1. So which residues in segment 9-45 are under 28 Å from residue 55 (Cα atoms) and modelled with pLDDT under 80?
2. Just to be sure before I move on: is residue 6 in a helix (DSSP H, G or I), touching a residue at least 40 places away in the same chain (Cβ under 8 Å) and farther than 30 Å from residue 142 by Cα in the structure I sent?
3. How many of the residues in segment 16-42 are under 30 Å from residue 62 (Cβ atoms) and either loosely packed, with under 13 Cβ neighbours inside 10 Å or under 51 Å from the mean Cα position of the chain (by Cα) (or both)?
4. Among 79, 119, which is under 30 Å from residue 136 (Cβ atoms), of a type in the set (Val, Ile, Thr) and surrounded by 10 or more Cβ atoms within 10 Å (Cβ to Cβ)?
Amino acid sequence: MSMFRFFIGILIVEVAMTALVMAFMSSSDIAYRAQIAILALLVTVLVVFWFGSITEHVKKDAVTRAKDNFVRERENRLIAAEAEKRNMLEETHRRIVKETNQVHARSNFKLGAAFASIIMFGAVMLYIELLTVGLLTLAVAGGALGG
């Protein structure tokens, strides 16, 4: 699109220079030829400034577009990083909860097995007629469960 901005200027310069060359070739007066040369130089300088202005605007637009793209890309990366961080935290939380539940289940099983063995020991003591030891063992196990 930026090349079409120069197309009109190039056509104007071509037409102006063709007219100046034809006027230069048709005259034999040195003063008239000097005026035509100065006019050609003036047209050339004006076109140079005009094209410079166009290129500055094109450059400024390109820089603005690039900055907008960089800002948009940065924003997208920040959003993606935040989402990844959130997912990582959720995954870590799920893993910690799962491991905690496993540890609790193992410790509850071990504790239950220990109390069951103490109660069975007390029952065996009662069965083999060691009444005091059996009752004492059952009372301790009941007190530990209650406390």
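The values are calculated or read from the model by the stated rules, or taken from the named source; none is laboratory data. Bear in mind that the values here come from a model prediction, so they are computed numbers and not experimental data. Note: ideal-geometry Cβ built from the backbone for every residue, glycine included; neighbour counts use all protein chains shown.
1. 9 - this is the single residue of segment 9-45 that is under 28 Å from residue 55 (Cα atoms) and modelled with pLDDT under 80.
2. For residue 6, the condition - in a helix (DSSP H, G or I), touching a residue at least 40 places away in the same chain (Cβ under 8 Å) and farther than 30 Å from residue 142 by Cα - is met.
3. 0
4. 119
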